[in-house]
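In what follows, a structure is listed as structure tokens, so that the remarks can point back to it.
None of the figures in this text is laboratory data; all of them are computed from the coordinates on show. All of these numbers come straight from a predicted model, not from anything done at the bench. As a convention, Cβ positions derive from the backbone with ideal geometry for all residues, glycine included, and neighbour counts pool all protein chains shown.
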């Protein structure tokens, strides 16, 4: 499941912004909503989420299991969005000896990750637009390196995901078709750089 994204060719999205080879949780990422393309913080503090004692939970969630999106109260009222990027990274191996893998579309284009977002009212009245991507079972392309992957939408399904039909959107929360992703070792990435 996505833990880091990359967008080294923002011109693919028509954006005039700096290339980014290492987008980490907690940083801003470009998000497409039904109305606009805008920056949002990657990682959500679910609005209204409480623990067993009724106290607010402030744990940040970067990925939401698609299987529980419509069943957990913590996700009620979220709006659907898309996070367009060139790809994401996964790691395999033991601690301090992990291999980083870059996963991208074989055609070299853009991946459209299904996501949900809301606006969090931070202490002091500050509003923070926040987003989390959805995950599902992996496709055959990713299965050997991770047990989950992001829900990736086909380009023609983006408008359905962003539309009003919740049932049609729910039908899209499936693994990306096999054979469409390239998985290669990630080299020359500065993992400390924002």
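Taking the listed residues 153, 181, the one that is touching a residue at least 24 places away in the same chain (Cβ under 8 Å), surrounded by 11 or more Cβ atoms within 10 Å (Cβ to Cβ), closer than 18 Å to residue 86 by Cα and in contact with a helix residue (DSSP H, G or I) (Cβ under 6 Å, 6 or more places away or on another chain) is 153, with no other qualifying.
Only residues that are under 23 Å from residue 155 (Cβ atoms) and not in a helix (DSSP H, G or I) were counted in segment 7-45, giving 23.
Does segment 96-106 contain at least one residue that is closer than 30 Å to residue 156 by Cβ, over 18 Å from the mean Cα position of the chain (by Cα), surrounded by fewer than 20 Cβ atoms within 10 Å (Cβ to Cβ) and touching a residue at least 60 places away in the same chain (Cβ under 8 Å)? Looking through segment 96-106, at least one residue is closer than 30 Å to residue 156 by Cβ, over 18 Å from the mean Cα position of the chain (by Cα), surrounded by fewer than 20 Cβ atoms within 10 Å (Cβ to Cβ) and touching a residue at least 60 places away in the same chain (Cβ under 8 Å).
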